Amino acid sequence: MKLRVSATSPYVRKCRIVVLEAGLAGRIEMVPTNAWSPDTDLPRDNPLGKVPTLITTGGEALFDSPVICEYLDSLHDGSRLVPDSGGARWNQMRLEALADGILDAAVAKRIETAMRPEDKRWPDWIERQDNAISRSLDVLEGECAGWGGDFLIGQITVAVALGYLDFRSPAEDWRSGRPRLAAWFALAARRASMVETDPKD
Ligand SMILES: N[C@@H](CCC(=O)N[C@@H](CS)C(=O)NCC(=O)O)C(=O)O
């Protein structure tokens, strides 16, 4: 199996954490891919031209990160990172969607501020992304005390989203007014899978 990756994509990081947490590291070759290069052959595997993209042993290309993570989770005998059924499944998938949404807003903001020419930037759009991120972090602050020691697909994606905010917006203090989420992330960031995939290293 091959996983097309970039060093800084948070969606790739999420898949890499699942690979490590599921004990699949020996079965997956990481293939560095620059999705933004005009010469990339990535659209051959993924018409959307995005990483992560997984090529299965059967040669099928899977995307996006929620699909890849659920597929990877089906390949091991340990306890499920994406619960199979019932309330636990919907709770985790909702949490994953919320944290993916934080990533979508943070990546959109990054494209607006770091890639778009300055005279074409749209401040209202940046503010809209900031508001979505802020509201979502407040929800996580209210919920994280109930997670116990879980580090399933929802918590994995939250940890990736918080790590991405630290990586791309270190001056914006998401921890302020959110002590429980900050304490939760301080512990989560020490997991081996988080340390090994830290984009700052
Ligand atoms: N929803 C997708 C998002 C993937 C995504 O946006 N990847 C970015 C890298 S962070 C990318 O490849 N962007 C290239 C592009 O948008 O053309 C997922 O969860 O995998």
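Overview of results
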{"quantity": "Checking A25 against (1) in contact with a helix residue (DSSP H, G or I) (Cβ under 7 Å, 6 or more places away or on another chain); (2) without any contact (Cβ under 8 Å) to a residue 60 or more places away in the chain; (3) within 15 Å of the ligand (Cβ to nearest atom), the condition it does not meet", "calculated": "(3)"}
{"quantity": "Residue identified as assigned to a helix (DSSP H, G or I), surrounded by fewer than 17 Cβ atoms within 10 Å (Cβ to Cβ), in contact with a Lys or Arg (Cβ under 9 Å, 6 or more places away or on another chain) and modelled with pLDDT of 95 or more among A114, A97, A145, A105", "calculated": "A145"}
{"quantity": "Residue list for region 169-191, restricted to those being buried (at least 16 other Cβ atoms within 10 Å of the Cβ) and at pLDDT below 95", "calculated": "S169"}
{"quantity": "Counted residues, region 47-85 - those being within 16 Å of S6 (Cβ to Cβ) and among the aromatic types (F, W, Y)", "calculated": "1"}
{"quantity": "Selection from region 134-164 of residues that are in contact (Cβ under 8 Å) with a residue 60 or more places away in the chain, aliphatic (A, V, I, L, M) and within 16 Å of G101 (Cβ to Cβ)", "calculated": "I153, I156, V158, A159, V160, A161"}
{"quantity": "Residues located in region 168-181, provided they are in contact with a helix residue (DSSP H, G or I) (Cβ under 9 Å, 6 or more places away or on another chain) and either aliphatic (A, V, I, L, M) or assigned to a loop (DSSP other than H, G, I, E, B) (or both)", "calculated": "S169, E172, W174, R175, S176, G177, R178, L181"}
{"quantity": "Residue in region 192-201 that is charged (D, E, K, R) and surrounded by 17 or more Cβ atoms within 10 Å (Cβ to Cβ) present", "calculated": "no"}
{"quantity": "Hits in region 68-85 (condition: of a type in the set (D, E) and either open to solvent by less than 40 Å² (accessible area, probe 1.4 Å) or touching a Leu at 6+ places or on another chain (Cβ under 7 Å) (or both))", "calculated": "D73"}
{"quantity": "Residue selected from region 52-67 under the condition open to solvent by less than 70 Å² (accessible area, probe 1.4 Å) and of a type in the set (S, T, N, Q), by the criterion farthest from the ligand (Cβ to nearest atom)", "calculated": "T56"}
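The values are calculated or read from the model by the stated rules, or taken from the named source; none is laboratory data. Keep in mind the model is a prediction, meaning the values are calculated, not measured. Every residue, glycine among them, receives a Cβ derived from its backbone with ideal geometry; neighbour counts consider all protein chains shown. With ligands, DNA and RNA removed, areas are computed over all heavy atoms of the protein, side chains included. Shrake-Rupley method; radii C 1.70, N 1.55, O 1.52, S 1.80 Å.
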